[in-house]
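Trainee: One structure follows; several queries about it will come next.
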Amino acid sequence: MKTYVAKAGEIERVWYVVDAEGKTLGRLSTEIARILTGKNKPMYTPFLDCGDFVIVVNAEKVLVTGKKADQKTYFSHSGYPGGAKYTPYRHVLAKRPERIIEHAVKGMLPKSALGRQMAKKLKVYSGPTHPHAAQQPIALDI
């Protein structure tokens, strides 16, 4: 029996909408990463982008457990010597809550051009509304 390998033209993409309110960050991010990579489909092929689009709403209401809200930091570097910046979780949550979910999901995707292509299919919004109603997203309960 031959192994099935999907072709790029055979891939059908579906749009999903996920409500992050009251969900734990890590558990939510793993399920989103599975959908973006296409591992939830039987036609999954490792070297192709078989995944679907995911819209996340209410990103500011995502939860972290333990002391992560006080201890977790996000690292960035300017490229200059001594240009390291550490931003606390609470500051990121207050200013750009979308970045928290984007950062968590991106860390779970492949570190290649394929992973960057998958990350573009993630749309995160801090409020309960999104501008993708025309795509008729399916509500996904995680």
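Trainee: Since residue 47 meets every condition but one in (1) over 20 Å from residue 129 (Cα atoms); (2) surrounded by fewer than 20 Cβ atoms within 10 Å (Cβ to Cβ); (3) in contact with a Lys or Arg (Cβ under 7 Å, 6 or more places away or on another chain); (4) touching a residue at least 60 places away in the same chain (Cβ under 8 Å), which condition does it not meet?
Mentor: Status for residue 47: all satisfied but (3).
Trainee: Let me ask something additional. Taking the condition of being assigned to a helix (DSSP H, G or I) and loosely packed, with under 13 Cβ neighbours inside 10 Å, how many residues in region 69-99 meet it?
Mentor: Looking only at that region, the number is 6.
Trainee: Please list, ordered by first then second residue, the pairs with beta carbon atoms under 9 Å, 6 or more apart or interchain, first in region 26-39 and surrounded by 23 or more Cβ atoms within 10 Å (Cβ to Cβ), second modelled with pLDDT under 95 and among the β-branched types (Val, Ile, Thr).
Mentor: 32/142
Trainee: Of the numbered conditions (1) more than 23 Å from residue 138 (Cβ to Cβ); (2) in contact with a strand residue (DSSP E or B) (Cβ under 9 Å, 6 or more places away or on another chain), residue 31 fails exactly one; give the number of that condition.
Mentor: (1)
Trainee: If you check 18, 57, which single one turns out to be closer than 19 Å to residue 109 by Cα and either in contact with a Lys or Arg (Cβ under 8 Å, 6 or more places away or on another chain) or at pLDDT 95 or above (or both)?
Mentor: 18
Trainee: Give the residue, chosen from 60, 102, that is surrounded by 15 or more Cβ atoms within 10 Å (Cβ to Cβ) and either β-branched (Val, Ile, Thr) or touching a helix residue (DSSP H, G or I) at 6+ places or on another chain (Cβ under 7 Å) (or both). Walk me through how you get there before you give the answer.
Mentor: On the way: 102 fails: either β-branched (Val, Ile, Thr) or touching a helix residue (DSSP H, G or I) at 6+ places or on another chain (Cβ under 7 Å) (or both).
So the residue among 60, 102 that is surrounded by 15 or more Cβ atoms within 10 Å (Cβ to Cβ) and either β-branched (Val, Ile, Thr) or touching a helix residue (DSSP H, G or I) at 6+ places or on another chain (Cβ under 7 Å) (or both) is 60.
Trainee: Let me ask you something else. So residue 115 fits all but one of (1) buried (at least 16 other Cβ atoms within 10 Å of the Cβ); (2) in contact with a strand residue (DSSP E or B) (Cβ under 9 Å, 6 or more places away or on another chain); what number is the exception?
Mentor: Failed condition: (2).
Trainee: If you don't mind, another one. Mind counting the residues in region 1-25 that are outside any loop (DSSP other than H, G, I, E, B) and either more than 30 Å from residue 128 (Cα to Cα) or touching a helix residue (DSSP H, G or I) at 6+ places or on another chain (Cβ under 7 Å) (or both)? Steps first, answer last, please.
Mentor: Within region 1-25, the subset outside any loop (DSSP other than H, G, I, E, B) is 8-10, 15-19, 24-25.
With either more than 30 Å from residue 128 (Cα to Cα) or touching a helix residue (DSSP H, G or I) at 6+ places or on another chain (Cβ under 7 Å) (or both) added as a condition, the list becomes 8-10, 15-16, 18, 25.
Summing the residues that are outside any loop (DSSP other than H, G, I, E, B) and either more than 30 Å from residue 128 (Cα to Cα) or touching a helix residue (DSSP H, G or I) at 6+ places or on another chain (Cβ under 7 Å) (or both) in region 1-25 gives 7.
Trainee: I need the full set of residues from region 100-142 which are under 8 Å from the mean Cα position of the chain (by Cα) and either in a loop (DSSP other than H, G, I, E, B) or acidic (Asp, Glu) (or both), in order please.
Mentor: Across region 100-142, the qualifying residue is only 102.
The values are calculated or read from the model by the stated rules, or taken from the named source; none is laboratory data. The structure presented is a predicted model; accordingly, all values stated were derived computationally and were not measured. Every residue, glycine among them, receives a Cβ derived from its backbone with ideal geometry; neighbour counts consider all protein chains shown.
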